[in-house]
Amino acid sequence: MLGTKAGQRLAAAAAAGVVWPLLAPPAYAAPEPELDVVIQHGTVFDGSGRPGRVADVGLKDGHVFRIGDLGHVSARRRYDAAGLYVTPGFIDLHAHTETGRPLASARSSLSQGVTTETLGADGGGTSDITRELARLQSIEKGINVAPYVGFNSVWEAVMGESDKRPSAAQLARMRHLVKSAMRQGAWGVSSGLGYTPAAYARTGEVVGVVRAARQWRTFFSDHMRDETNGVVKSTREEISIGKAAGLMPEITHMKVAGPRNWGKSANMLRLLSQARATGTHAGGDVYPYTAASTGLSFYVPGWAQDGGTKRMLARFTDPKLRPRIAKEITAFVTDDVGKPGNVTLPTLRNKSIADFMAQYGNVSIGEAVIRVLEANRGDIIAVMHIGSEADLANFIRDPYVAFSSDGGVTESAQTHPRAYGSYPRVLGRYVREKGLLSWEEAIRKMTGLPATMLGMVDRGFLAEGMAADVTVFDPATIIDRATFTRPKQYSSGVHWVFVNGRLAFADGRPTRANAGQALRRASNMPTRPQNVRSILSATVAGTVKPVNGSGALALSVKVAQSADADAATGRLMVTGRNISLHAVRLGKLQKAHGWFSVTGVGKLRGGAERAFVLTVDERDPLGAPGEKRVTIHIGREPRIYGALKTSSP
């Protein structure tokens, strides 16, 4: 209670319209939280293949900022992950992402824990990467997207749809398109030699085109020519193309089709192992189903497709050609799936080719396929039950085979279940139930392995300085729900997904945070073997002269990471007129021939802390011969990129 005089003064002040300062609450600014998000008490798998450990993960400004005991650190939001697994966001090497309305929510992918998908698989990627990235940047995205340049697209743009040999000028034009796309930021060369018109290209011609990407140290990801009787021969071709072109041969959606070929996975994997032993980094990816899916026209012989769909349909009407085409289709279907009942059509109520054979009056397999194609203007999606569980298990266990979906963002209810269930199916069925892989190995093949195959330096791992793509799931409940008869059923067990530090998926639904980015591959992001259980070190010192003409920077780095360490140790300093950064927490050290990259969190002049990624590259295609190039990316600031003149460290 106020005294009498004090009360009189207050009344007088109020009558005069004055606010009495002694009664106002003290003015002070609440301190900013140290982190945006803390995911606490979870078992953290960092993507390296190391076993999980209980730790907290702190996110800030779109990056992984701290890992450890963060109970004393302030944060805007906390998520209790006790009993859950915390991993890097899953990276899909082979997806057929729908980049329209479905990408905005990306529910089919986020519900699986996927945070990044590649675009343009099977050779379908555009060669105008600048335009594609601009388009992708302008639309709403639930996840990150990363475009390939497609060999099939390049071949068709120059050669058309006919089976003919390229001239020297045409080969040069195709090389120019590939090289230009890589310079613009493509994440690799995708191909589908099993599809026309690229199937018309001979091995030497493929090499003559894709070798244009050699300087960019990327990979050649291919749907091989023949996954049935010629699967081993096609594997040899894949390896020979990669070796001759100077690219990593990457066999996409690995499979062995047809009962007569089952068991050949061992031969395929042995050939890839022999290639690695002789200096050609080689691998592949696989999705966890024994059924494939593509257009039904896949079964039509290449000569009958020469010139495109209209020419194919015209040949169907030729009474001399139709029996030959039908006979060859019958042979292919039999080799591929064994029985016509093993090919079903999702958009036609999952009726099989056997059903249509009966419907059309007990016609042959080939005749039924032709009639279905005629009724559907040349093509329709089919599901082919082609493989064996034994071959699939071999691919799943191989340490150089990453996981993919061959699905991607979609809202379709008439598709292959892989679009809705691939990653939870691996974790729930093949890890938890069957024990084919450990948790840490399966997670590595979804995160760190595909990241290094693509060339990413800031994704695929949970470490300080990495982009904050994070998946949190329940190992006891994660499982796929999609089936071949009801494919549009979302997977269970994923609790939260963060994309670039923002909550993108929670409570079984996307948040529509629009957190995804259109990712551009830089010149110093090489495809490389993953450093699994390696002892690494890197030392460099000198002066960086940025290519944009800004002031020179002094760089001093001496870092190391042991095989069982959670993070790198050492020192890193960057100083110049307008910048000063010294590392206070190091994250992930990665290394390849003439190249290394390290992430972390550093302190700026004035005391603010920012995430960073540093890359030093002796083989950057944009640099002069023998010149080292350095990229320094601090927080959300533009990248500093320049030439390094070394000195004694």
Worksheet, complete the sentence: Considering the stretch 546-582, residues that are in a loop (DSSP other than H, G, I, E, B) and closer than 17 Å to L644 by Cβ, and then whichever is least open to solvent (accessible area, probe 1.4 Å), we arrive at I579
Fill in: Of the criteria (1) closer than 20 Å to G600 by Cα; (2) open to solvent by 10 Å² or more (accessible area, probe 1.4 Å), which one L437 fails
(1)
Fill in: Top-ranked residue of the stretch 198-233 - restricted to ones that are of a type in the set (G, A, S) and out of contact with any Asp or Glu (no Cβ under 8 Å at 6 or more places or on another chain), ranked as nearest to G302 (Cα to Cα)
A199
Worksheet entry | Candidate set: the stretch 608-649, residues that are hydroxyl-bearing (S, T, Y) and exposed (fewer than 14 other Cβ atoms within 10 Å of the Cβ); chosen: the one nearest to the chain's Cα centre (by Cα) | T646
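Residue by residue, here is whether (1) out of contact with any Pro (no Cβ under 7 Å at 6 or more places or on another chain); (2) open to solvent by less than 10 Å² (accessible area, probe 1.4 Å); (3) of a type outside the set (A, V, I, L, M, F, W, C) holds:
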site	(1), (2), (3)
M446	yes, yes, no
D458	yes, no, yes
V472	yes, yes, no
W496	yes, no, no
R502	yes, no, yes
Discussion item. I139 - would you say it is open to solvent by 20 Å² or more (accessible area, probe 1.4 Å), touching a residue at least 40 places away in the same chain (Cβ under 8 Å) and more than 17 Å from M525 (Cα to Cα)?
Written reply: yes
Discussion item. Just to check your reading of the model, which residue among R619, R610, R585 is in contact with an Asp or Glu (Cβ under 6 Å, 6 or more places away or on another chain) and either part of a loop (DSSP other than H, G, I, E, B) or on the phi < 0 side of the Ramachandran plot (or both)?
Written reply: R585
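Kindly state which helices (runs of 4 or more DSSP H) lie completely within the stretch 326-398 and contain at least 2 residues that are open to solvent by less than 20 Å² (accessible area, probe 1.4 Å), touching a strand residue (DSSP E or B) at 6+ places or on another chain (Cβ under 8 Å) and closer than 21 Å to N261 by Cα.
Details: elements: 353-359, 365-375, 389-397.
Ranges flagged: 389-397.
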Practice prompt. Kindly indicate the residue of the stretch 485-494 that is open to solvent by 20 Å² or more (accessible area, probe 1.4 Å) and farther than 16 Å from G408 by Cα and also farthest from the chain's Cα centre (by Cα) among those meeting that condition.
Written response: T485
Worksheet item: Checking T43 against (1) part of a loop (DSSP other than H, G, I, E, B); (2) of a type in the set (V, I, T); (3) within 28 Å of S405 (Cα to Cα), which test does it fail?
Response: (1)
Worksheet, complete the sentence: Here the qualifying pairs (Cβ atoms under 9 Å; residues six or more apart or on different chains; first in the stretch 156-179 and free of Cβ contacts under 8 Å to residues at least 60 places away in the same chain and surrounded by fewer than 16 Cβ atoms within 10 Å (Cβ to Cβ); second assigned to a helix (DSSP H, G or I) and of a type in the set (D, E)) come out as R165/E205
Worksheet item: With the stretch 63-127 as the region, which strands (runs of 3 or more DSSP E) entirely inside it contain at least 1 residues that are open to solvent by 20 Å² or more (accessible area, probe 1.4 Å)?
Response: 63-68, 75-80, 85-88
Discussion item. Residues that are touching a helix residue (DSSP H, G or I) at 6+ places or on another chain (Cβ under 8 Å), crowded, with 19+ Cβ neighbours inside 10 Å and over 17 Å from A292 (Cβ atoms): does the stretch 413-420 have at least one?
Written reply: no
Item to complete: Only one of these is more than 21 Å from the chain's Cα centre (by Cα), within 18 Å of R444 (Cβ to Cβ) and β-branched (V, I, T): V73, V57, V64. Name it.
Response: V57
Worksheet, complete the sentence: Considering residues that are surrounded by fewer than 17 Cβ atoms within 10 Å (Cβ to Cβ) and aliphatic (A, V, I, L, M), the number found within the stretch 272-292 is 1
Fill in: Among residues of the stretch 236-270, those that are among the charged types (D, E, K, R), open to solvent by less than 30 Å² (accessible area, probe 1.4 Å) and within 21 Å of Y287 (Cα to Cα), counted
3
Worksheet entry | Residue list for the stretch 304-350, filter: among the hydrophobic types (A, V, I, L, M, F, W, C) and out of contact with any helix residue (DSSP H, G or I) (no Cβ under 9 Å at 6 or more places or on another chain) | A314
Practice prompt. Scan the stretch 293-325 for residues that are open to solvent by 70 Å² or more (accessible area, probe 1.4 Å) and more than 25 Å from H223 (Cβ to Cβ) and jot them down.
Written response: T317, P319, K320, P323, R324
Discussion item. Just checking, does the stretch 527-541 include any residue being touching a Gly at 6+ places or on another chain (Cβ under 7 Å), part of a strand (DSSP E or B) and of a type outside the set (D, E)?
Written reply: no
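This table checks each residue for (1) small (G, A, S); (2) out of contact with any His (no Cβ under 7 Å at 6 or more places or on another chain); (3) over 17 Å from G49 (Cβ atoms).
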site: G407; (1), (2), (3): yes, no, yes
site: A413; (1), (2), (3): yes, yes, yes
site: P424; (1), (2), (3): no, yes, yes
site: V431; (1), (2), (3): no, yes, no
site: L436; (1), (2), (3): no, yes, no
site: A442; (1), (2), (3): yes, yes, no
Item to complete: Would you please name the residue that is surrounded by the fewest Cβ atoms within 10 Å (Cβ to Cβ), looking only at residues in the stretch 509-539 that are of a type in the set (A, V, I, L, M, F, W, C) and within 21 Å of the chain's Cα centre (by Cα)?
Response: V532
Practice prompt. Confirm whether K264 is closer than 20 Å to K233 by Cβ, out of contact with any Cys (no Cβ under 9 Å at 6 or more places or on another chain), at pLDDT 95 or above and not polar (S, T, N, Q).
Written response: yes
Worksheet item: Say we look at the stretch 586-607 and pick out the residues that are in contact (Cβ under 8 Å) with a residue 24 or more places away in the chain and over 27 Å from the mean Cα position of the chain (by Cα); which of these is surrounded by the fewest Cβ atoms within 10 Å (Cβ to Cβ)?
Response: R605
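The values are calculated or read from the model by the stated rules, or taken from the named source; none is laboratory data. Here the structure is a predicted model, which means the values were calculated and not measured. Please note: Cβ atoms are built from the backbone with ideal geometry, for glycine as well, and neighbour counts cover all protein chains shown. For the accessible areas, the whole protein counts, side chains as well, though only heavy atoms, and no ligand, DNA or RNA atoms are used. Shrake-Rupley method; radii C 1.70, N 1.55, O 1.52, S 1.80 Å.
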